[in-house]
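To keep things clear, I will list the structure first and then write my remarks on it.
The values are calculated or read from the model by the stated rules, or taken from the named source; none is laboratory data. Keep in mind that what you see is a predicted model, and the values were worked out from it rather than measured. As a convention, Cβ positions derive from the backbone with ideal geometry for all residues, glycine included, and neighbour counts pool all protein chains shown.
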Amino acid sequence: MLKDALLFLARQGSIRKFVSSNPAARRVARRFVAGEELDEAMQVAHTLNKQHISVSLDHLGENVSDAAEAQAAAHVYITILERIAAEQAEANISVKLTALGLDIAEDLCRDNLRFVLRRAADMGIFVRVDMEGSAYTQRTLDFVLQLRCEFDNVGTVLQSMLRRSPKDVEALITSKTRVRLVKGAYLESSAIAYPKKSDVDAAYVTLMHELLERGVYPAIATHDEQIIAEARRFTEQRGIGRARFEFQMLYGIRRDLQEVLAREGYNVRVYVPYGTQWYPYLTRRLAERPANLIFIASNLLRR
């Protein structure tokens, strides 16, 4: 119920405008968002790198409705790539197709994505195509599988909450496409997504086993300690080396666990978002982990 309410709020433009201009809310957002400028995100990346933690940089923004905006977003991604290469950061990037024009025209989006992938390939940097709401799932997979034939440096994301994901994981494993496995943070109907957390978790573990055993360098993206423990148990039992996968977590959440896993020799990558369009991202993070509301409330009460 709380998750649904938070995800509903993420869609409300008037509430977004109010919260985004609220100084207290902006201060709270800084726990989960590196800042509004690339310089701030790069500082975070270098700090994490010193702790032997890699980074995936994400410039926040989605659902653009203008072709010029979509092309500008592609150039922002290029700027991030150039900074990563110039500063030799241990980082890759995450991109959203709706930021690249998917809502406008598929050809426009494909051209923009190809432009980013080509430049990233020249620099030896991996690009993760983020998964958005279920209305975009098939088109996202179609784009990635098509461009995977041209580029080795592209991967995507699967959400265990979606009932279709077992079929999708097979297609991605067959094509040797790298997958980040998440539980999912969008409001979906029970017809296409599991409504119970226990079912989402069970699906996650099943998909995780498949990816660890047969996938190409999967990213196990979770803060769930029971699932992390199962990944450790499974890989040790099956003789799957730690170099064959990575754990991924979100900036500002379970920093202690990130550091412990890195010290133990696991590959750890932190998803570091930045930019002015932080409101939808923040509400999705709260929906995924309502315990973060305690942190939000305590900060809003401070003056």
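Identify, by number, the condition in (1) surrounded by 21 or more Cβ atoms within 10 Å (Cβ to Cβ); (2) assigned to a loop (DSSP other than H, G, I, E, B) that Met208 doesn't meet.
Answer for Met208: the failing condition is (2).
Report, by residue number, each residue of the stretch 232-259 that is acidic (Asp, Glu) and in a helix (DSSP H, G or I).
Glu236, Asp256, Glu259
Identify all residues within the stretch 153-184 that are assigned to a loop (DSSP other than H, G, I, E, B) and at pLDDT 95 or above; write none if there are none. I'd like the intermediate steps shown before the answer.
Residues of the stretch 153-184 assigned to a loop (DSSP other than H, G, I, E, B): 153, 160-161, 163-164, 175-177, 183-184.
Selection gives Asn153, Ser160, Met161, Arg163, Arg164, Ser175, Lys176, Thr177, Lys183.
Within the stretch 260-282, is there a residue that is under 22 Å from Val154 (Cβ atoms), without any contact (Cβ under 8 Å) to a residue 40 or more places away in the chain and not in a loop (DSSP other than H, G, I, E, B)?
No, the stretch 260-282 has no match at all.
How many residues are touching a Lys or Arg at 6+ places or on another chain (Cβ under 6 Å), closer than 22 Å to Ala185 by Cβ and surrounded by fewer than 20 Cβ atoms within 10 Å (Cβ to Cβ) when one looks only at the stretch 216-245?
From the stretch 216-245, those touching a Lys or Arg at 6+ places or on another chain (Cβ under 6 Å) are 216-217, 219, 221, 223; that's our starting set.
This time we only want the ones that are closer than 22 Å to Ala185 by Cβ, so: 219, 221, 223.
Cutting the leftovers down to surrounded by fewer than 20 Cβ atoms within 10 Å (Cβ to Cβ) gives us 223.
Within the stretch 216-245, residues that are touching a Lys or Arg at 6+ places or on another chain (Cβ under 6 Å), closer than 22 Å to Ala185 by Cβ and surrounded by fewer than 20 Cβ atoms within 10 Å (Cβ to Cβ) number 1.
Can you confirm whether the stretch 112-127 contains a residue that is in contact with a Gly (Cβ under 9 Å, 6 or more places away or on another chain), part of a helix (DSSP H, G or I) and surrounded by fewer than 18 Cβ atoms within 10 Å (Cβ to Cβ)?
No, the stretch 112-127 contains no residue that is in contact with a Gly (Cβ under 9 Å, 6 or more places away or on another chain), part of a helix (DSSP H, G or I) and surrounded by fewer than 18 Cβ atoms within 10 Å (Cβ to Cβ).
From the list Glu213, Glu188, pick out the single residue that is charged (D, E, K, R) and surrounded by 18 or more Cβ atoms within 10 Å (Cβ to Cβ). Steps first, please.
Numbers: Glu213 fails: surrounded by 18 or more Cβ atoms within 10 Å (Cβ to Cβ).
When all the criteria are applied, what remains is Glu188.
Among the numbered criteria (1) without any contact (Cβ under 8 Å) to a residue 60 or more places away in the chain; (2) under 19 Å from the mean Cα position of the chain (by Cα), which single criterion is violated by Ser56?
Only one criterion is unmet by Ser56, namely (1).
Of all residues in the stretch 247-303 being over 21 Å from Leu181 (Cα atoms) and among the hydroxyl-bearing types (Ser, Thr, Tyr), which is modelled with the lowest pLDDT?
For the stretch 247-303, the residue satisfying everything is Ser298.
Kindly list the number of the only condition in (1) over 23 Å from Val268 (Cα atoms); (2) hydrophobic (A, V, I, L, M, F, W, C); (3) modelled with pLDDT of 95 or more that fails for Leu187.
(3)
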